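The structure under discussion appears below in the form of structure tokens.
The values are calculated or read from the model by the stated rules, or taken from the named source; none is laboratory data. Every value quoted in this text rests on a predicted model; they were computed, and no experiment measured them. Ideal geometry is used to build each Cβ from the backbone, glycine not excepted, and the neighbour counts take in all protein chains shown. Areas reflect the complete protein model, heavy atoms only, side chains present, ligands, DNA and RNA absent. Shrake-Rupley method; radii C 1.70, N 1.55, O 1.52, S 1.80 Å.
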Amino acid sequence: MYNILIAGAAGDGIETAAGVFEKILLRSGSYVFSMRDFMSRVRGGHNFALIRFGENPVYAHRDQLDGLIVLNKESYDLHKKELKKNCFVIADSSLEIDNKHLMKFDMSNMAKESGNKKTIGSICIGILLKLFGIPIDKAKDVFKEMMGSGILDANLKALKMGHDAAKCSIFYLPVKPPKNKILINGNDSMALGALAGGIRFYSAYPMSPSTGLLNFFTAQSESFRIGVEQAEDEIAAINMALGASYAGARAMTGTSGGGFSLMVEALGFSGIAEIPLVLADIQRPGPATGLPTRTEQSDLHFVISAAQGEFPRMVIAVRDHADAFYQTARAFYLAEKYQIPVILLSDQYLADSSVTMPELNHEKVMQYGHPLRGLEKGDDASYMRYKLTRGGISPFRIPGKTKSLVRIDSDEHDEQGVITESAAVRNTMQHKRMSKLLSLKKDLVEPEFYGDELFDILAVGFGSTSGAIKEAINIWNETSGEKAAALLFGDVYPLPTKKLLKYAKDAKCIVNIEQNYTGQLARLIRQETLISCGKSILKYDGRQLSVDDILRGFKKISPVLTEKSTTPPQAAGYAGSVR
């Protein structure tokens with residue numbers, strides 16, 4: 001498995017170069033995981049793409065680098081401490097860098113000779129292809145697909161110049177035909193899940209890191225006959241989605257924490273009016289604007305309790321790219337089945353990272369795309385929108401397709417949907433709505449158990465930390481002399497508790513691993529089960545927990561320190577805490 005980092009300033013073409021190289025790796029039969037780290041600016045600053053690839057599936061990033069490609073001196077200074085003993089560094093000959101593994105290339109002049117001074121990224125790709133023994137022909141089709149005719153020739157020339165400039169291959173990467181694999185980022189996978197779930201309307205106001213959803217649906221709106229609206233703000237976006245849902249369309253809106261804050265009152269309207277809604281919160285660090293291009297898992301308690309009053313809702317934290325597809329399709333089904341808002345939690349790390357994985361199984365989610373409304377039978381004259389039922393789920397007909405009046409109201413109302421201030425009716429309707437939670441528990445999915453059944457450490461995590469936790473557990477179990485396991489939560493509210501109660505009693509130490517300061521999952525677990533996590537591995541600097549962060553945390557927590565270390569001393573310590 002190889003780990004390389006391409007770094008430079010915004011505007012240097014880091015994103016384009018990384019995207020092209022990833023697709024070449026996919027076509028060469030490699031498994032890929034890549035993540036992005038970028039500043040909130042159009043030019044300057046420090047951006048990088050970290051690409052991890054090899055013969056085996058990979059779902060998380062590591063800290064230590066096999067290779068570093070830098071387009072400015074700042075990038076080298078920031079990342080040189082992460083280099084392994086046997087590594088390579090690629091830089092322009094103009095940069096003053098001192099490293100015994102340095103390979104300098106006159107990339108600035110090569111780019112000018114190609115006919116476009118912005119082709120340095122393509123030169124770097126050519127060099128990488130030579131270093132890893134990947135035939136240059138594997139790249140040409142990718143270049144043709146991803147670049148316009150006006151810049152294609154210059155970039156192909158730059159590619160060849162970079163390939164010719166590198167002297168020989170120093171790494172072995174077997175090239176083999178790809179077998180039913182795709183390369184996809186988290187936002188696109190979530191959007192495909194929405195298509196599989198029967199989405200017919202999407203509205204949003206652009207807010208990173210959720211904007212990729214809006215871009216996807218806008219591009220695909222005609223092909224899939226989806227109504228898409230870029231609203232003037234998040235308040236309008238959620239109310240448009242609610243209006244579309246009331247009219248019979250499966251509807252979704254997406255945002256990040258700041259935009260979700262504006263949606264809170266309308267979320268309560270969804271609750272009392274019992275209008276199905278799927279809402280994606282792609283988390284970033286707050287409060288306020290916070291770090292708009294970074295990642296965090298700090299909205300969990302917010303989305304569970306958002307909006308005044310009490311009403312049933314469901315919160316699903318997508319754990320990886322495949323999970324984003326399947327859970328989003330499921331979210332539409334559950335929102336319509338129970339007539340509730342379903343909130344999907346993702347984050348910048350998952351949204352913008354890309355992974356190689358098996359093709360998505362659309363047959364697996366066909367059940368979720370089946371419409372549940374407008375199929376009720378009975379006398380239209382006797383139709384009551386909020387009819388009392390044992391499970392709390394009332395018939396919900398589509399306005400205009402029935403002779404009955406389909407009422408909705410943000411005030412408390414009776415079975416007909418008529419406003420009331422009756423205490424007795426209030427009690428009855430609140431009991432009706434909240435009773436959905438009892439039915440919903442039957443549809444909850446227990447967390448995934450991963451690791452050794454005879455564990456000492458039981459980790460608990462949710463959402464995008466899943467891949468790093470799994471790999472850290474594999475390494476820990478192989479090298480430490482101790483055993484670890486994890487419960488990885490997707491459904492987080494209502495909290496499924498069967499596996500938690502089963503495994504918690506056998507743990508010497510329960511460790512919550514989260515991307516926030518207060519340990520929000522641990523608080524929720526204690527609230528719902530009285531089970532306390534003895535230790536926490538937390539990170540909250542806007543950068544994602546890596547496999548190495550978790551291993552360092554395990555080592556601090558473990559009562560037995562072994563001589564076998566998976567992490568070099570210079571990588572110890574990170575912006576977070578173990579407590």
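Can you pull a Stokes-Einstein diffusion coefficient for the stretch 1-41 at 20 °C (1.002 mPa s), Rh from Kirkwood over Cα pairs, as a whole number of µm²/s? Let's see the in-between values first.
Numbers: Rh = 11.4 Å.
My calculation gives 189 µm²/s for D.
At 222 nm, what value in deg cm²/dmol follows for the chain if DSSP H runs of at least 4 each add -39500 (n - 2.57) and the sum is divided by all its residues, to the nearest 500? Present the calculation step by step, with values, prior to reporting the outcome.
Values: 19 runs with 211 residues, N = 579.
-11000 deg cm²/dmol, from helical runs alone.
Can you compute log10 of I(q)/I(0) for the stretch 320-418 with the Debye formula, treating each Cα as one identical point scatterer, at q = 0.18, 0.22, 0.24 Å⁻¹?
With one equal scatterer per Cα and no solvent, log10 I(q)/I(0) is -0.92, -1.17, -1.31.
Compute and list, largest first, the equivalent-ellipsoid semi-axes of the stretch 210-261 from the alpha carbon gyration tensor, each √(5λ) rounded to a whole angstrom. Write out the running numbers ahead of the final one.
Numbers: eigenvalues 64, 46, 12 Å².
Here the semi-axes work out to 18, 15, 8 Å.
Full-extension gain between Asp141 and Gln308, please, as 0.36 nm times their residue separation minus the C-alpha to C-alpha distance. Spell out each step's value before the answer.
Numbers: separation 167, 0.36 × 167 = 60.12 nm, distance 5.46 nm.
Answer, rounded to one decimal: 54.7 nm.
Name the shape class, rounded, prolate or oblate, that the alpha-carbon gyration tensor gives for the stretch 172-279, where a ≥ b ≥ c are the square roots of its eigenvalues, rounded holds for a/c under 1.5, and otherwise prolate holds if a/b is larger than b/c and oblate otherwise. It would help to have the intermediate numbers written out before the result.
On the way: a/c = 2.54, a/b = 1.96, b/c = 1.30.
The shape class here is prolate.
Would you please report the Å³ per residue occupied by the convex hull of the alpha carbon atoms in the stretch 420-459? Intermediate results must be reported in sequence, preceding the final value.
Details: hull volume 4.7 nm³, N = 40.
So the per-residue Cα hull volume is 118 Å³.
Over the stretch 1-142, with a single point scatterer placed on each C-alpha, what log10 of the ratio I(q)/I(0) does the Debye formula yield at q = 0.16 1/Å?
-0.83
Restricting the calculation to Cα positions, tell me the Rg (one decimal) and the Dmax (whole number) of the stretch 277-339 in Å.
13.3, 36
Would you kindly calculate the mean projected area, averaged across all directions, of the convex hull enclosing the Cα atoms of the chain, in square nanometres? Before the final figure, lay out each step's value.
Values: hull surface 110.4 nm².
Result: 27.6 nm².
Where in the stretch 164-267 are there GluC sites (Glu not before Pro) that are in a DSSP coil and have at most 10 other Cβ atoms within 10 angstrom of their Cβ?
Numbers: sites: Glu222, Glu229, Glu232, Glu234, Glu265; in loops: Glu232.
Qualifying residues, ordered by number: Glu232.
Along the three principal axes, how long is the stretch 333-489 when you take its alpha carbons, biggest first, rounded to the nearest angstrom?
70, 38, 27 Å, listed from the longest principal axis down.
Apply the Debye scattering formula to the stretch 59-175, with a single equal point scatterer on each alpha-carbon and no solvent, then give log10 I(q)/I(0) at q = 0.12, 0.20 Å⁻¹.
The Debye formula, applied to the Cα set alone, gives -0.45, -1.14.
Cα gyration tensor of the stretch 108-194, axes a ≥ b ≥ c as square roots of the eigenvalues: rounded (a/c below 1.5), prolate (a/b > b/c) or oblate? Please report the intermediate quantities before stating the final value.
Values: a/c = 2.49, a/b = 1.36, b/c = 1.84.
In terms of gyration-tensor shape, oblate.
Place a point 7 Å from the Cα of Lys441 along the Cα-to-Cβ direction; which residues of the stretch 507-543 have their backbone N under 13 Å from it?
Within reach of a label on Lys441: 528-529.
How many percent of the accessible area of the chain is carbon or sulfur, using a 1.4 Å probe?
Details: 12410 of 24140 Å².
C and S atoms contribute 51 percent here.
If you average the sequence gap of Cα pairs under 8 Å that are 6 or more apart and divide by the length of the stretch 34-129, what percent do you get for the contact order? Please list the in-between numbers first.
Working: 105 pairs, mean separation 15.8, N = 96.
Once divided by the residue count of the stretch 34-129, the mean separation gives 16 percent.
Hey, with R₀ at 25 Å, roughly what FRET efficiency would Gln527 and Ala288 work out to, going by the Cβ-Cβ distance, to 0.05?
That pair, Gln527 with Ala288, gives E of 0.40.
Compute the normalised compactness of the stretch 448-516: alpha-carbon radius of gyration over 2.2 N^0.38 Å, N being the residue count. Intermediate values should be presented prior to the final figure.
Working: Rg = 11.5 Å, N = 69, 2.2 N^0.38 = 11.0 Å.
The value comes to 1.04.
Given N residues in the stretch 40-109, what is Rg(Cα) / (2.2 N^0.38 Å)? Before the final figure, lay out the partial values.
Values: Rg = 13.4 Å, N = 70, 2.2 N^0.38 = 11.1 Å.
Here the Cα radius of gyration is 1.21 times the empirical estimate.
So for the pair Lys84, Lys483, with labels modelled 7 Å out along Cα→Cβ, what separation do we get in nm?
According to this spin-label approximation, the distance is 3.0 nm.
How far apart, in nm, are the 7 Å Cα→Cβ label points at Ala165 and Asp233?
With each label placed 7 Å out from Cα toward Cβ, I get 5.0 nm.
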